[in-house]
Amino acid sequence: MTTILLARHGETDWNRDGRWQGHLDAPLNAVGLAQAAVLGAHVATLAVDALYSSDLARARQTAAAITAATGLTAVEDADLREVDVGVWAGCNREQARASDPAWYQRWLEGAVEGYRGGETYVQLQERSVRAFERVVAACQGQTAVIVCHGGNIRAIVSEIVGLGADQRWRVAGARNCSLTAIEQERGRLRLLTFNETGHLD
């Protein structure tokens, strides 16, 4: 049995304020650091064999808390970055709607075109799944944690349950420092749990 745990990074000020971060390197805030410490302590109880992380600061800081609790060294992978939000980096939804109402409406309706100057959701799903598959191949018979972002988790879960990028809205957003578990048994991948946050209570 191979188990992959997808962990979203801890809270940043931009998460708190509802601003898109994309590839910008917003660090964890005090709440996020505390969340990451609790996540690390929880992961230390799970007999995890390997640790992977996005190379963005908020994910690396979260992975560092897991390293401190487990001794595992994180392998960084740029394919695990959040979606590139292009010109909307640092903006909130109201600013995006005011700047480009037509685009904002299409985004709300689940269009895959993505962000001007950034990525499409198809590109995000392709690279997220590519990174996930590398971890699965490297960790056969083991348990691994991947620290990444809400966009990656939604993309990977969508792929596992047979949804295309245009149907990503059917998967709820993952909360900061939540865990989503995916198992591989007899070559088949299945979603085991989604968006667990009981360890944070």
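Quick look at the numbers
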quantity	calculated
Selection from region 83-101 of residues that are surrounded by 15 or more Cβ atoms within 10 Å (Cβ to Cβ) and either of a type in the set (D, E, K, R) or in contact with a strand residue (DSSP E or B) (Cβ under 8 Å, 6 or more places away or on another chain) (or both)	ASP84, GLY90, CYS91, ARG97, ASP100
Criterion violated by ALA102 - all others in (1) more than 29 Å from VAL38 (Cα to Cα); (2) hydrophobic (A, V, I, L, M, F, W, C); (3) touching an Asp or Glu at 6+ places or on another chain (Cβ under 6 Å) satisfied	(3)
Residues of region 162-184 that turn out to be of a type in the set (Asp, Glu) and open to solvent by less than 60 Å² (accessible area, probe 1.4 Å), as a count	1
Filtered residue count, region 30-59, keeping only those that are crowded, with 19+ Cβ neighbours inside 10 Å and either of a type in the set (Asp, Glu) or free of Cβ contacts under 8 Å to residues at least 24 places away in the same chain (or both)	0
Any hit, region 5-25, residues being free of Cβ contacts under 8 Å to residues at least 24 places away in the same chain, over 19 Å from ASP201 (Cβ atoms) and open to solvent by less than 40 Å² (accessible area, probe 1.4 Å)	no
Filtered residue count, region 132-169, keeping only those that are over 16 Å from VAL83 (Cβ atoms), free of Cβ contacts under 8 Å to residues at least 24 places away in the same chain and under 16 Å from the mean Cα position of the chain (by Cα)	1
Qualifying position, being within 26 Å of VAL38 (Cβ to Cβ), modelled with pLDDT of 95 or more and not hydrophobic (A, V, I, L, M, F, W, C), among THR180, THR120	THR180
Failed condition for LEU80, given (1) surrounded by 22 or more Cβ atoms within 10 Å (Cβ to Cβ); (2) aliphatic (A, V, I, L, M); (3) without any contact (Cβ under 8 Å) to a residue 60 or more places away in the chain	(3)
Conditions (1) open to solvent by less than 60 Å² (accessible area, probe 1.4 Å); (2) free of Cβ contacts under 8 Å to residues at least 24 places away in the same chain; number of the one not met by THR73	(1)
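Matching residues to (1) of a type in the set (Asp, Glu); (2) over 23 Å from TRP20 (Cα atoms); (3) open to solvent by less than 20 Å² (accessible area, probe 1.4 Å); (4) out of contact with any strand residue (DSSP E or B) (no Cβ under 6 Å at 6 or more places or on another chain):
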| site | (1), (2), (3), (4) |
| --- | --- |
| ALA63 | no, no, yes, no |
| ALA111 | no, no, no, yes |
| VAL129 | no, no, yes, yes |
| GLU133 | yes, yes, no, yes |
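The values are calculated or read from the model by the stated rules, or taken from the named source; none is laboratory data. On a predicted model such as this, the values are computed, not experimentally measured, just so you know. Heads up, the Cβs are rebuilt from the backbone with ideal geometry, glycines too, and the neighbour counts pull from every protein chain shown. Quick note on the areas: whole protein, heavy atoms, side chains included, nothing else; ligands and nucleic acids left out. Shrake-Rupley method; radii C 1.70, N 1.55, O 1.52, S 1.80 Å.
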